[in-house]
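Below is one structure, written out as structure tokens, with a few remarks after it.
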Amino acid sequence: MGNINDTETNIERKPKEAQLLFAAENGHVDKLSALLAEKDVKVDCPNSSAVTALFLAAKEGHEECLRLLLEAGARVDGIGLGNTALSPLWVATYAGHKNCVKRLVKAGANLNTKFPETPLYIAAREGKADCLKILIEAGSDVNVKNNRGQNPMHIACSEVHESCVELLVS
């Protein structure tokens, strides 16, 4: 059985894109910065689950990694097709990483992408009031409905997320 140092040593032997994904997911800012400085690294390369370094940084809440990837030209909505793909904004919202949500919104992320619900709907359902506030202020559709006809207000009430209800009412 290996330890984390073994993993990091082994990752150095992998292709640059694998190193990029590892650095973004694990918050290794210096390594990520060095990799992005190399012109032959593909910033939007997916892993075996078809998610990118930007998605992984958003999922784990690594805001500085997120910033570096966006500055390097990473696609803010990821590489999914259409308006129904799981996006970095969706996963950052689900995890409650408000600073990542704020940065992705500022970078022009699609506020109303559905997987199957929008990030705003997810914020209301999961009680992520800080993220919900950012999404409302950015212009997310507060009246969007899920496949059962419920809007964010319905779900925030049913989950008893009072702070989210207050934001949706105001």
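The values are calculated or read from the model by the stated rules, or taken from the named source; none is laboratory data. Everything numeric here is computed off the predicted structure, so don't read it as measured data. FYI the Cβ positions are ideal-geometry reconstructions off the backbone, even for glycines, and counts take in every protein chain you see.
Annotations
- Filter result for ALA72 (surrounded by fewer than 20 Cβ atoms within 10 Å (Cβ to Cβ) and touching a Phe, Trp or Tyr at 6+ places or on another chain (Cβ under 9 Å)): no
- Test result for GLY80, at positive phi, surrounded by fewer than 23 Cβ atoms within 10 Å (Cβ to Cβ) and of a type outside the set (Ser, Thr, Tyr): no
- The requirement of being on the phi > 0 side of the Ramachandran plot, outside the structural domain of ALA57 (by TED's automatic domain parsing) and either among the acidic types (Asp, Glu) or surrounded by 16 or more Cβ atoms within 10 Å (Cβ to Cβ) (or both) is not satisfied by GLY108.
- Inspection of the stretch 85-100 finds a residue satisfying the criterion of being at pLDDT 95 or above, surrounded by fewer than 19 Cβ atoms within 10 Å (Cβ to Cβ) and within 21 Å of LEU36 (Cβ to Cβ).
- Just one of the numbered conditions (1) in a loop (DSSP other than H, G, I, E, B); (2) assigned by TED's automatic domain parsing to the domain that holds ASN110 is not true of TYR94: (1).
- Residue count, the stretch 131-169 (criterion: in contact with a helix residue (DSSP H, G or I) (Cβ under 7 Å, 6 or more places away or on another chain) and assigned to a helix (DSSP H, G or I)): 17
- Criterion (over 12 Å from the mean Cα position of the chain (by Cα) and touching a residue at least 24 places away in the same chain (Cβ under 8 Å)) met by exactly one of LYS114, LYS102: LYS114
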